[in-house]
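Participant: Following this message is one structure expressed as structure tokens.
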């Protein structure tokens, strides 16, 4: 049996599973030196064993001898922290049980030798892989005040009120925005229901403002991290961009009039637009996920944008239909510092 390798896990049909963990009962006896031999149920040399962190692993080893000396089974490399070996002897036969409840994930090597006097077996080596003990569901926060994550929409997808296919439909995500740009969403968090099923909680560009919903993880592309956050203060007519919580840009702005107010809440920068036919938008505009609560019949449902202006003399103040207006030079500076997917807070 020397040289034979077997790959085992606790879920394998080969080990005998006990309620407390796993007991490995595998190989017949192998050749040995002298009169000391390994016997069943000693696992084969170089056996790979996988166990979850916190579970109890038991490995049975046995040997026999025709000598009259005391027979023992001993670890060669020492034992991992918390591991024990219990030994039982009976007329030329010895059986040991290695027992361990690992607390740290990683790879470990065990080696044992059976001996009686000057005679001994060849060592048996076991490679133990301790896996994380993951319990489902697992929840992960992906967006906060300093770091956020966004992702492209990969396919037309129904957004659900809860992370399950049978939950109420909230809206439908499309590949493109109303401006025909790639649609993207701010990803607030993730819940893993099982090793193969995960959902993202996303911020939605719909009314009512501040709406969120759930989509399968497979419906979105890879996550992209952004470290910027944009803040709009409607009362002070200010815009502030922070990176990792530190202010890197600020300017005076115009906001919506009282009859067409700029909505309050949590949003994100959804798209970047240029090449306008009208000079009223300035050189650059950003579309956001915010929607006007009053101009719902406008194209795209009254998208709240951040853009330049051809009337800089009106700034700052309440001057717009809800959009954020900036001096053209200021929005060009902002565009150099702020990427799409940036979270937006309007107070």
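What follows draws every value from the coordinates through simple rules; no lab data is involved. All values derive from a computational prediction rather than experimental measurement. Quick reminder, even Gly has a Cβ in these numbers, built from the backbone with ideal geometry, and neighbours come from all protein chains shown.
Participant: If contacts are Cα pairs under 8 angstrom and at least 6 residues apart, what is the relative contact order of the range 178-248 in percent?
Facilitator: Once normalised by length, the contact order is 17 percent.
Participant: Helix 328-337 versus the longest principal axis of the chain: what is the Cα-based angle in degrees, 0 to 90, to the nearest 10?
Facilitator: The angle comes out near 0 degrees.
Participant: Given contacts defined as C-alpha pairs under 8 Å and at least six residues apart, what's the relative contact order of the chain, whole-number percent?
Facilitator: 12 percent
Participant: If I model a spin label as a point 7 Å beyond the Cα along the Cα-Cβ vector, how far apart are those points for residue 314 and residue 146 in nm?
Facilitator: 4.0 nm
Participant: Another question, then. Taking 25 Å as R0, compute the FRET efficiency from the Cβ-Cβ separation of residue 79 and residue 133 and round it to 0.05.
Facilitator: My answer for the efficiency is 0.75.
Participant: Then there is this: Shape call for the range 138-226 from the C-alpha gyration tensor, a ≥ b ≥ c root eigenvalues: rounded (a/c under 1.5), prolate (a/b greater than b/c) or oblate?
Facilitator: Rounded is the answer for the range 138-226, as its axis ratio a/c remains below 1.5.
Participant: Same structure again: Using a 10 angstrom cutoff on alpha carbons, build the Gaussian network for the chain and name the most mobile of 331, 319, 49.
Facilitator: Checking each option, the largest mean-square fluctuation is seen for 49.
Participant: Could you check the spin-label model distance between residue 278 and residue 171? Points 7 Å from the Cα along Cα→Cβ, value in nm.
Facilitator: In this crude label model, residue 278 to residue 171 measures out at 2.3 nm.
Participant: Given a Förster distance of 25 angstrom, what is the FRET efficiency for residue 247 paired with residue 294, based on the Cβ-Cβ distance and rounded to 0.05?
Facilitator: Taking R0 as 25 Å, the efficiency between residue 247 and residue 294 is 0.20.
Participant: Using only the alpha-carbon atoms of the chain, report the extent along each of the three principal axes, biggest first, to the nearest angstrom.
Facilitator: 105, 41, 30
Participant: On to the next question. Using 0.36 nm times the number of residues separating residue 90 and residue 156, minus their current alpha carbon distance, what extension gain do you get?
Facilitator: Gain in length upon complete extension: 16.7 nm.
Participant: Where is the GNM fluctuation largest for the chain (alpha-carbon springs, 10 angstrom cutoff): 151, 50, 205?
Facilitator: 50
Participant: Return the tail of the calculated pair distribution for the range 228-346, meaning the percent of Cα-Cα pairs more than 26 Å apart.
Facilitator: 9 percent
Participant: Pick from 109, 309, 172: which residue has the top mean-square fluctuation in a GNM of the chain where Cα pairs under 10 Å get a spring?
Facilitator: Result for the chain, Cα springs under 10 Å: 109 fluctuates most.
Participant: Next question, about the same structure. Is the range 46-163 rounded, prolate or oblate when judged by the Cα gyration tensor, a ≥ b ≥ c being the square roots of its eigenvalues, rounded requiring a/c under 1.5 and prolate requiring a/b larger than b/c?
Facilitator: prolate
Participant: If packing is taken as the average number of other Cβ atoms within 10 Å across a peptide's residues, how do 86-95, 122-131 rank, most packed first?
Facilitator: 122-131, 86-95
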